[in-house]
Amino acid sequence: MAAAAWLVLFVAVYGWAYGAANFIRLCDVAVIVTCFGIMTGSALLVSSQAVSSLVVDLAWDLDLLSRLLLGRHLIGGTEYMWDPSYPLWVRLMSLFHVAWPPLLLAVLRRLGYDRRGFALQCAIAAVVLAASRFILPGENLNFAHRDPFFHRVWGPAAVHLTLTYAVLVGAVYWPTHRALQIAFQRRGRRGTQRTEG
């Protein structure tokens, strides 16, 4: 029930404040898919978003903390939190990034980690990254136009997207997937490691 209530609130407020195009962001896709996973009891859906969100949300948290304490961003991505053109209460809703990693881990403890989540998230990311090239190009959604570290374009669109995807899968998704496999396999509880497929 709480997942359904949050999903309705999240979609309504974010759609009103940021527009429908905002939902192409991988972090917002993660909220929607995770909520559906919790509502349906799907370990596959929740696992896919754990692969996607644990590291990324922690990076968001660190970027926010760096801006608060040091006055500068580490990698960027939280600049909108200081944009007065959006109501403060709307911006504060983005603090879900702080709660999402512990929530995902708590749900995975209950449902178990489904190793197919890695492949599902890779497929989701491929579609979302490709779509990000065409939606609000000036906003650089999901870094589909410029990378987050050097703020540069890495070749033609296909090359840039391929490199972005490769880094996302190789440096974020795969290590997270392996860590979750190991962590939940060691728990030794029934259902903690899904092996279907």
Whole-Å distance, taken between Cα centres, linking segment 118-132 and segment 39-57
14
Give me the one-decimal nm value for the distance between modelled label points at residue 68 and residue 146, 7 Å along each residue's Cα-to-Cβ direction.
2.7
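For segment 53-99, take the convex hull of the Cα atoms, compute a quarter of its surface area, and give me that in nm², please.
Working: hull surface 12.8 nm².
For segment 53-99, averaging the hull's shadow over all directions gives 3.2 nm².
Report the percentage of all Cα-Cα pairs in segment 71-184 whose separation exceeds 25 Å, rounded to a whole percent.
Numbers: 2398 of 6441 pairs.
Across segment 71-184, Cα pairs with separations above 25 Å total 37 percent.
Return one whole number: the accessible area per residue of segment 26-126 in Å², for a 1.4 Å probe.
On the way: 4370 Å² over 101 residues.
Using a 1.4 Å probe on heavy atoms only, each residue of segment 26-126 averages 43 Å².
Could you calculate the contour length gain from residue 21 to residue 116, that is, 0.36 nm times the residue separation minus the distance between their Cα atoms, to one decimal place in nm? Write out the running numbers ahead of the final one.
Values: separation 95, 0.36 × 95 = 34.20 nm, distance 2.79 nm.
Extra length available between residue 21 and residue 116 comes to 31.4 nm.
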Principal axis box of segment 5-94, alpha-carbon based, largest edge first, Å:
41, 28, 20
In terms of modelled amide H atoms, which long-range or inter-chain residues lie less than 5 Å from the amide H of residue 113?
193, 194
For segment 158-175, Karplus couplings with θ = phi - 60° (6.51, -1.76, 1.60), whole Hz, Gly/Pro x
5, 5, 4, 5, 5, 5, 4, 5, 4, 5, 4, 5, x, 9, 10, 5, 5, x
J(HN,Hα) series, segment 106-114, from Karplus relation 6.51 cos²θ - 1.76 cosθ + 1.60, nearest Hz, glycine and proline x:
5, 5, 5, 4, 7, 8, x, 9, 9
Extending each Cα 7 Å along its Cβ direction at residue 158 and residue 109, get the distance between those two points in nm, one decimal.
4.8
Write down the radius of gyration of the chain and its Dmax, each obtained from C-alpha positions, in Å.
16.9, 50
Given points 7 Å out from each Cα along the Cα-Cβ axis, report the residue 178 to residue 99 separation in nanometres with one decimal.
3.3
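The values are calculated or read from the model by the stated rules, or taken from the named source; none is laboratory data. The structure displayed is predicted, hence computed values, not measured ones. Here the Cβ is made from the backbone with ideal geometry for all residues, glycine too, and neighbour counts use every protein chain on show. For the accessible areas, the whole protein counts, side chains as well, though only heavy atoms, and no ligand, DNA or RNA atoms are used. Shrake-Rupley method; radii C 1.70, N 1.55, O 1.52, S 1.80 Å.
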